[in-house]
Amino acid sequence: MKIIPKPENITMLEGNFTFSNSTQIVGLDEFLSNDLRKFVDLKNGEKNSCVFTVAQIDEDYRIEIGENIYVVANSNEGIFHAVQTIKLLILEYYKNEYSYIPCCIIDDNYKYEYRGFMLDVCRHFYSISTIKKIIDAISLFKMNKLHLHLSDDQGFRIQLNRFPLLTDIGSIRKGTRGDGKPVSGFYTQSDIVDLVKYAKERYIEIIPEIDLPGHTSALIASYPDLHCKGKEIEVEEYFGIKENVVCAGKESTYQFLEDVLGEIAKLFPSKCIHVGGDEAPKTQWMECDDCKETIKKNGLKTYMGLQSYFTNRIIKYLKSIGKTPIVWNEAYHDGELDKAATIQFWADGRKAQNVKRALKEGYKLIYSNNKYCYLDHPYSILPIKNSFKAINEMNSLMQFGNVFGIETPLWTEWINGEDKLLKMAFPRTLAIAELGWSIAPGDYNDFKDRIDNGLDALFVLDIASASEKQANPNIVSSFFGILKFYAKMIDKELPRTIRNFKNIKK
Ligand SMILES: [Zn+2]
């Protein structure tokens, strides 16, 4: 059976169940009942039934397919997961407008609580309808978090009533790397309300991110007082690491950010808010009297210490309004970070040592090592078969502490347009979905045998995915793909990024 993510156990039985338009669906609300019945076109056929019940069981859901289908799930969310499994079975065994599903018993449970997808809507803007397509797809494969990266150097993408300039100024840039074509766009508050509701119906929690204190050129362009010296800058049109970060010394910065996060918190019911913390050069702080004074007053040793102080103050505020903070792994430094933070691990190499230490110290971890999880990397750098290798590192990290789950980020510096976006995301996201969900995931060859049904399901959702072959390019096209990807990064702003990179760890 071609189910992605792979269920914990399937026991095959004799015979088939014919799923048709006459199959009576019992125990589902109208939304899920329609979703199940209309996934593919079905004709009227023999009378049988598919019955859903919530009961206390020690797995997420159990499906028994015989003369009728009986589903028992531990919760409404488990019922939703069972519906997704049945949709994939209906599609796999679909023939002449009926689906002849082999009789079997499926027992299933999930491995990680957090199974996420991240979309960067700052470098390029994506419409609500594109995000809904992504929600349709990730929920079909039993992921449960959508992390929206809403603020970066190249754009601020959400309307806040208290700070209209964040969108009047911060959501517009003059062009991209000198092309002279303006890029703009933001979500209104009613867009967000609509999106949150859509996601909730599909058991997806939307986690907003306001990246701080770095990657804040769009914030500073809108409200220059946030800058150490009140410098007037423009929304960035080049990518890389920028030296303009918000001042960590002025009290007014903290007040502003609390007001921003307070309004964000009201829009998103999620328990979590992501506050970034990656790639923050200390260049401006080193020349700022307010920042220096804050270091002195609080007995901090370094500018990295000032970043920890800054992040901990933001975390303290988030805790006071009942939210759990998530940060990128650079925000964890010398054991100074508030223990309430969940750390998202994206950078490998030396930093992986830090990650082990953080786990041992009791922090929760979301695994997103760019080597296996970054969907913006072309398939030549990250073929889908390599995404599967994340499992080894995840298993080894689990010895050290609490691996909360996995997330696959899609950064959009080099991705403009829905078609390209979806081709980068899929089918690789299916591999990450399997690693997040399956207690005993298959190896890549086992996954490969099931992928065609996954691609067909994406097609039903109007998503043109890359093919399995495109997702595993041969050596020659990989070589040129890698060259092309890195050559693209060379531009007049590269020396600035290198200079700023050196000032991150000060
Ligand atoms: Zn400052």
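The values are calculated or read from the model by the stated rules, or taken from the named source; none is laboratory data. Note that this is a predicted model, so its numbers are computed, not measured. Note: ideal-geometry Cβ built from the backbone for every residue, glycine included; neighbour counts use all protein chains shown. These accessible areas exclude ligands, DNA and RNA; they are computed on the full protein's heavy atoms, side chains included. Shrake-Rupley method; radii C 1.70, N 1.55, O 1.52, S 1.80 Å.
Please verify whether GLY230 is among the small types (Gly, Ala, Ser) and surrounded by fewer than 22 Cβ atoms within 10 Å (Cβ to Cβ), treating the condition exactly as stated. Walk me through how you get there before you give the answer.
Details: among the small types (Gly, Ala, Ser): yes; surrounded by fewer than 22 Cβ atoms within 10 Å (Cβ to Cβ): yes.
The answer is yes for GLY230.
Screening the stretch 1-40 for residues that are among the aliphatic types (A, V, I, L, M) and open to solvent by 20 Å² or more (accessible area, probe 1.4 Å) and picking the one that is farthest from LYS448 (Cα to Cα) gives VAL26.
Please determine whether any residue of the stretch 233-245 is assigned to a helix (DSSP H, G or I), in contact with a Phe, Trp or Tyr (Cβ under 6 Å, 6 or more places away or on another chain) and not hydroxyl-bearing (Ser, Thr, Tyr). Walk me through it before giving the result.
Filtering the stretch 233-245 for residues assigned to a helix (DSSP H, G or I) gives none.
The answer is no, given that none of the residues of the stretch 233-245 is assigned to a helix (DSSP H, G or I), in contact with a Phe, Trp or Tyr (Cβ under 6 Å, 6 or more places away or on another chain) and not hydroxyl-bearing (Ser, Thr, Tyr).
Entry remark, the stretch 41-72: residues being surrounded by fewer than 16 Cβ atoms within 10 Å (Cβ to Cβ) and within 13 Å of TYR100 (Cα to Cα) number 6 in total. Restricting attention to the stretch 172-188 and to residues that are within 14 Å of LEU148 (Cβ to Cβ) and of a type outside the set (A, V, I, L, M, F, W, C), the residue that is farthest from the chain's Cα centre (by Cα) turns out to be GLY185. In the stretch 114-135, the residues that are within 16 Å of VAL196 (Cβ to Cβ) reach residues that are of a type in the set (Val, Ile, Thr) and assigned to a loop (DSSP other than H, G, I, E, B) with C-beta atoms within less than 6 angstrom, at least six apart or across chains, in these pairs: ILE135/ILE204.
The condition of being more than 25 Å from SER184 (Cβ to Cβ), surrounded by fewer than 20 Cβ atoms within 10 Å (Cβ to Cβ) and within 16 Å of the ligand (Cβ to nearest atom) holds for only one of GLU251, GLU243, that being GLU251.
Among LYS505, LYS448, which is the only one that is modelled with pLDDT under 90 and either exposed (fewer than 15 other Cβ atoms within 10 Å of the Cβ) or part of a helix (DSSP H, G or I) (or both)? Break it down stepwise before answering.
Numbers: LYS448 fails: modelled with pLDDT under 90.
Just one listed residue meets the conditions, LYS505.
Residues in the stretch 316-340 that are more than 16 Å from ASN402 (Cβ to Cβ), of a type in the set (A, V, I, L, M, F, W, C) and either open to solvent by 40 Å² or more (accessible area, probe 1.4 Å) or more than 20 Å from the chain's Cα centre (by Cα) (or both): LEU318, ILE321.
Taken residue by residue, the stretch 109-132 has at least one member that is within 30 Å of LEU261 (Cα to Cα), acidic (Asp, Glu) and open to solvent by 40 Å² or more (accessible area, probe 1.4 Å).
Selection of the stretch 214-234 for residues being out of contact with any Pro (no Cβ under 9 Å at 6 or more places or on another chain) and within 15 Å of the ligand (Cβ to nearest atom) yields THR216, LEU219, ILE220, TYR223, PRO224, ASP225, LEU226, HIS227, CYS228, LYS229. Taken over the stretch 250-294, the criterion of being of a type in the set (Lys, Arg) and in contact (Cβ under 8 Å) with a residue 24 or more places away in the chain is satisfied by LYS250, LYS271, LYS282, LYS292. TYR238 - would you say it is among the hydroxyl-bearing types (Ser, Thr, Tyr) and away from the ligand (no atom under 16 Å from the Cβ)? So TYR238 fits the description; yes. Only one of the numbered conditions (1) open to solvent by 10 Å² or more (accessible area, probe 1.4 Å); (2) assigned to a helix (DSSP H, G or I) is not met by GLY78, and that is (1). If you check ILE106, ILE134 for being in contact with a Pro (Cβ under 6 Å, 6 or more places away or on another chain) and β-branched (Val, Ile, Thr), only one passes: ILE106.
Among the residues of the stretch 317-331, is any at pLDDT 95 or above, basic (Lys, Arg) and within 22 Å of MET118 (Cα to Cα)? Scanning the stretch 317-331, I find at least one residue that is at pLDDT 95 or above, basic (Lys, Arg) and within 22 Å of MET118 (Cα to Cα), so the answer is yes.
Being away from the ligand (no atom under 16 Å from the Cβ), open to solvent by less than 10 Å² (accessible area, probe 1.4 Å) and closer than 23 Å to HIS227 by Cβ is the filter here; which residues of the stretch 254-272 pass it? Matches in the stretch 254-272: VAL260, LEU261, ILE264. Filtered by the rule that a residue be over 15 Å from the mean Cα position of the chain (by Cα), buried (at least 23 other Cβ atoms within 10 Å of the Cβ) and not polar (S, T, N, Q), the stretch 196-221 gives LEU212, PRO213, GLY214, HIS215, ALA218, LEU219, ILE220, ALA221.
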